[in-house]
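Only one structure is covered here, and it is reproduced in the block below.
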Amino acid sequence: MDNGLSLDPVEFLKGALEIPSVSGQERAVAQYLAEGMRRLGFAKAWVDEADNARGQIGTGPVQVVLLGHIDTVPGEVPVRLEGQKLFGRGSVDAKGPFVTFILAAAGLPPEVLQKLTLHLVGATEEEVPSSKGARYVVDKLKPDYVVIGEPSSWQGITLGYKGRLLVRVRREKDNFHSAHHEPNAAEELISYFVSIKAWAEAMNSGQGPFNQVQYNLRDFRIEHPDTRQLAEMKFDLRLPPRLSVEEAIRHLSAYAPPVLDLDFSGREVPYVGPKDTPLTRALRIGIRQAGGEPVFKYKTGTSDMNIVAPHWKVPMVAYGPGDSTLDHTPNEHVEIPEFLKAIEALRIALTRLAK
C-alpha cells in the first residue's frame, strides 16, 4: 500500500515543527502525527497513555519497532523554509527522524507489508532523564528489529551510545570563623570534584572520544544560614562501554570522604551493537541504492537506545537525517534533500528485511 503521496513530506514535517513539544508537553504534536499516520493508511494510529504517538502498519510475522522521540529541548527556532533548508526546533532532534520513519513505512508496497508488522513509537520525554515514552512501551512490544530515530546523517548508521550517570553531592556542616584553617562545605565539594576529574583523565589516557569518561559540572550552590552551611553540586558522567554504571558508582563512592552525601540517578547503560546483522546489512543496501556510502557511527551522548537495549536484545541501530552538531542550537535545521534521501534509504532497507 503506497500512500506516500497523500501527504507532502516537507509540509508534514513542517507542521510537526510548528507544534511546540518541550518534554512533558507532547500531546498536541502526538495527535498531529497520529492523524498523519491515519491519513497515510496505517491500520492503527493513536496517542497512548504516555502521550506517545503510536502507529501500526503491516500484518507480517517479522516485528519491527521504529522508535523516535517527539519532545524537544526548550528554545524556539522560528519554523521556516530557506532554500533547501527547513528550520525549526526538532527538525534534527528528533521530529525529523520520526517523520522519516512514518513516511518510509507508509511507502512500503503490499507484498512487503504482508511480511512485516511495523510498530511506530513517537516517544515522549527523551530529552529529560525520565524517558517516559520509551519506558512505557518497553514491556509492551516484542520486536525482531529496532531502529531508533536519531540524527546520523542519511548515510550514517549509529551502532552505539555512551551510558550516563547523574550525581548529586551535598555537604552540610556547622559554620565557623573564617580565620580557622578548615575547608568550608563548598571547598570540600570542589576538592572532591577535582579528584573525580583526575580519575577520569587517568581513565582517558590513550583513549578515543567514544572510550573516554566525560564529566560535566551542571550546578553548584552554596547556602549560609546563621548556624549551618550547605553546599550542593550536580554533575554528570558519560560512560564508555568499558565502564559499567555500577563500576562508576564504586569509583565515585571510593573517592568521596564519608562526610559527603552522594545520590545517583539517571542510570543509563552504555550500548554498542554488532556491525553485521540483517538490519545493518539492509540499511547499508538501502543507503547505497539511494546513492550514498554508508558509514558506521558511535555517539558520545545518550538516546532511548540506552533505555530499550537491555530489554530488547535484538539487532538495533539508530538512524535518521540531520547533522547532530545542530542539536539544541538556535540554527537547528535539516537539509530537504537529505530528509528525502533518508526516507528512500529506510524504505529500501525495510523492504530488504522482508526478504
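The values are calculated or read from the model by the stated rules, or taken from the named source; none is laboratory data. Note that the structure is a prediction, hence the values are computed from the model and not measured. So basically every Cβ, Gly included, is an ideal-geometry build from the backbone, and we count neighbours across all protein chains shown.
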Just to be sure before I move on: is Val121 part of a strand (DSSP E or B) and of a type outside the set (S, T, N, Q) in the structure I sent?
yes
Does Leu66 count as assigned to a strand (DSSP E or B) and either assigned by TED's automatic domain parsing to the domain that holds Lys140 or over 25 Å from Pro315 (Cβ atoms) (or both)?
yes
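For the stretch 134-149, indicate whether the set of residues that are in a loop (DSSP other than H, G, I, E, B) and buried (at least 23 other Cβ atoms within 10 Å of the Cβ) is non-empty. Give the steps one after another, and end with the answer.
Initially, the stretch 134-149 is screened for residues in a loop (DSSP other than H, G, I, E, B), giving 138-144.
Within this subset, residues satisfying the condition of being buried (at least 23 other Cβ atoms within 10 Å of the Cβ) are none.
No, the stretch 134-149 has no match at all.
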Of the residues in the stretch 241-294 that are outside the structural domain of Ile307 (by TED's automatic domain parsing), assigned to a loop (DSSP other than H, G, I, E, B) and over 22 Å from the mean Cα position of the chain (by Cα), the one that is surrounded by the fewest Cβ atoms within 10 Å (Cβ to Cβ) is Pro258
Residues in the stretch 106-146 that are under 20 Å from Asp48 (Cα atoms) and aliphatic (A, V, I, L, M) total 10
Tell me, yes or no, whether the stretch 5-22 has at least one residue that is small (Gly, Ala, Ser), part of a helix (DSSP H, G or I) and out of contact with any helix residue (DSSP H, G or I) (no Cβ under 8 Å at 6 or more places or on another chain).
no
Determine the pairs where a residue that is farther than 23 Å from Arg171 by Cα, located within the stretch 232-249, has a partner that is among the charged types (D, E, K, R) and buried (at least 20 other Cβ atoms within 10 Å of the Cβ) with Cβ atoms under 7 Å apart, the partner being 6 or more residues away or on another chain.
Arg238/Lys162; Arg238/Arg164; Leu239/Lys162; Leu239/Arg164; Pro240/Lys162
May I ask you to list the residues in the stretch 13-54 that are surrounded by 16 or more Cβ atoms within 10 Å (Cβ to Cβ) and more than 24 Å from Val334 (Cα to Cα)?
Gly41, Phe42, Ala45, Val47, Asp48, Ala50, Asp51
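How many of the residues in the stretch 326-340 are touching a strand residue (DSSP E or B) at 6+ places or on another chain (Cβ under 9 Å) and part of a helix (DSSP H, G or I)? Step through it out loud before you land on a result.
Going through the stretch 326-340, the residues touching a strand residue (DSSP E or B) at 6+ places or on another chain (Cβ under 9 Å) turn out to be 326, 328, 331-336, 339.
So of that shortlist, the ones also part of a helix (DSSP H, G or I) come out as 326, 336, 339.
Selection size over the stretch 326-340: 3.
Taking the condition closer than 18 Å to Glu18 by Cα and either in contact with an Asp or Glu (Cβ under 6 Å, 6 or more places away or on another chain) or of a type in the set (Ser, Thr, Tyr) (or both), does Asp304 pass?
Numbers: closer than 18 Å to Glu18 by Cα: no; either in contact with an Asp or Glu (Cβ under 6 Å, 6 or more places away or on another chain) or of a type in the set (Ser, Thr, Tyr) (or both): yes.
Judged against the criteria, Asp304 is not a match.
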Whether any residue in the stretch 83-98 is under 26 Å from Lys313 (Cβ atoms), touching a strand residue (DSSP E or B) at 6+ places or on another chain (Cβ under 6 Å), assigned to a helix (DSSP H, G or I) and at pLDDT 95 or above is what I want to check.
yes
If Glu268 meets every condition in (1) in contact with a Ser or Thr (Cβ under 6 Å, 6 or more places away or on another chain); (2) farther than 30 Å from Val64 by Cβ; (3) at pLDDT below 95 apart from one, which number is that one?
(2)
Any chance the stretch 109-128 includes a residue that's modelled with pLDDT under 95 and under 17 Å from Asp327 (Cβ atoms)?
yes
Here is a list of conditions, (1) surrounded by 19 or more Cβ atoms within 10 Å (Cβ to Cβ); (2) in the same structural domain as Ile70 (by TED's automatic domain parsing); (3) of a type in the set (A, V, I, L, M, F, W, C); (4) farther than 25 Å from Val314 by Cβ, and Val128 meets all of them except one; can you say which number that is?
(1)
Test result for Lys234, part of a strand (DSSP E or B) and either of a type outside the set (A, V, I, L, M, F, W, C) or within 28 Å of the chain's Cα centre (by Cα) (or both)
yes
Close pairs from the stretch 44-55: first under 13 Å from Tyr32 (Cα atoms), partner of a type in the set (S, T, N, Q), Cβ under 8 Å, at least 6 apart:
Ala45/Gln56; Val47/Gln31; Asp51/Thr124; Asn52/Thr124; Ala53/Gln31
